[in-house]
1. Quick check on the stretch 357-370: of everything there that is farther than 18 Å from GLU294 by Cα and touching a helix residue (DSSP H, G or I) at 6+ places or on another chain (Cβ under 7 Å), which residue is modelled with the lowest pLDDT?
2. Within the set of pairs 6+ apart or on separate chains, which have a first residue in the stretch 109-135 that is more than 19 Å from PHE28 (Cα to Cα), a second that is of a type in the set (Phe, Trp, Tyr), and C-beta atoms under 8 Å apart?
3. Does TYR280 qualify as being closer than 25 Å to PHE154 by Cα and in a helix (DSSP H, G or I)?
4. So LEU110 ticks every box in (1) closer than 30 Å to SER208 by Cβ; (2) surrounded by 14 or more Cβ atoms within 10 Å (Cβ to Cβ); (3) more than 24 Å from the chain's Cα centre (by Cα) but one. Which box is left unticked?
5. Would you say ALA65 is touching a residue at least 12 places away in the same chain (Cβ under 8 Å), closer than 21 Å to ARG205 by Cβ and not β-branched (Val, Ile, Thr)?
6. Pairs please, first residue from the stretch 248-263 and under 17 Å from PRO278 (Cβ atoms), second anywhere and modelled with pLDDT under 95 and of a type in the set (Asp, Glu), Cβ atoms under 6 Å, 6+ apart in sequence or on different chains.
7. Could you list all residues from the stretch 235-263 that are outside the structural domain of SER166 (by TED's automatic domain parsing), farther than 25 Å from ALA46 by Cα and charged (D, E, K, R)?
8. Looking at (1) within 16 Å of LEU279 (Cβ to Cβ); (2) modelled with pLDDT under 95; (3) hydroxyl-bearing (Ser, Thr, Tyr), which one does THR334 not meet, given that it meets all the others?
Amino acid sequence: MLSQKIINTVKATIPALVENGEELTKHFYARMFEHNPEVAPFFNPANQTSGRQQKALAGAIVAYAQNIDNLEVLGSAVELIANKHASLMVKPEHYPVVGKNLIASIESVLGDAATPEVLTSWGAAYEMLANILSNREAELYAANDEKIGGWNGFRNFRIDKKVVESAIITSFYLVPVDGKPLPDYVPGQYITVRVPMKNGLTTMRNYSLSDRPSGEGFRISVKREVGQPDGLVSTYLHTVMNAGDTIEVGPPCGEFVLGNDDNERPLIFLAGGIGITPLYSMLAQAIARNPKREIVFVHACLDETVQAFKDNLDQLANLSPALNLHYRYVSPKTPDSIGERASIGVIDEALLDDLIETRDGDYFICGPQGFMAAMGDVLKSWNIADAHIHTESFGPQ
């Protein structure tokens, strides 16, 4: 436990952190990669280039300072981070590296405000957080290892087949090389793939499991990221890896999941673009478990050419009359033939009000940050309780 003096000192730095947060995190990442390049494989360089990683960390630091005397508020954030760390095989020995560079960056960026008392207090606060995360991660590692078919670390999988789903999305069907059983996973979870880089190191990415558990293999559906720069791992998977090739895979992780209870509340799935991947897994499982459960599933995407799983979704809708399925295209290529389940535009309150008969349901939302923010605004205006809203935004946490 932290003393009240340490808590007060950390809270007193909040204004400086709000003002200098992104400068601090930019300095932190640059310093850490320079002094400890061995940790680089844990991070996505595209998120560094865009500034998203720095912004996310700055927000997390401020939130921790604001709630350091009431950490229960951060319970969901701790669970998200612990799962992310466990998926990447972060271990206790990595935390001192981060702590050393963070305290050095606080000292450098905050200048005169970074008194010895501030640095000592933040050191104690960081150590407490590191212990909380390490303990939870140890539990996750043990749980993964103890499952039937479970494992820790990375396991070799063979790409059984590679299926093009759209102009930008390809599915990879993965089976374990050792032929041993696989653990059950909860729909919504993700796995980590580790691939080699030109510098001799490796890098890792998380990809949602995009189908309900089968016990026979995993499926991930990967969007090829094109931009400045192109997605390193997505490009590697799309252009280099083929059926028969071997890839390293970590065990399923993640807290954005469809529970295994017998809840009969209506389900509302709102997917933006590639955010459909975990939601399709949840949908397929929900229908298999109870085909009479009321479900609304809405998928927003740019046009038909980039849309994945349309045929699969149509089949589910034809088999399950309780499923209300709708596609929302921003700029369809063939607007006159998009079908009766589709419309043109973005997902907005008017569309949702038309599709959702009762608002008293459980909402699962996944997609890019702008999409997530827009959906959150609608649900807030509807006074939907936080307990019934489940979200995952693809990007740095």
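1. Of everything passing the filter in the stretch 357-370, PRO368 is modelled with the lowest pLDDT.
2. LEU133/TYR95; SER134/TYR95
3. When the stated conditions are applied, TYR280 does not pass them.
4. (1)
5. no
6. GLU255/GLU79; PHE256/GLU392
7. Those that are outside the structural domain of SER166 (by TED's automatic domain parsing), farther than 25 Å from ALA46 by Cα and charged (D, E, K, R): ASP261, ASP262.
8. The number of the failed condition is (1).
The values are calculated or read from the model by the stated rules, or taken from the named source; none is laboratory data. Every value quoted in this text rests on a predicted model; they were computed, and no experiment measured them. With ideal geometry, Cβ positions are generated from the backbone for all residues, glycine too; neighbour counts draw on all protein chains shown.
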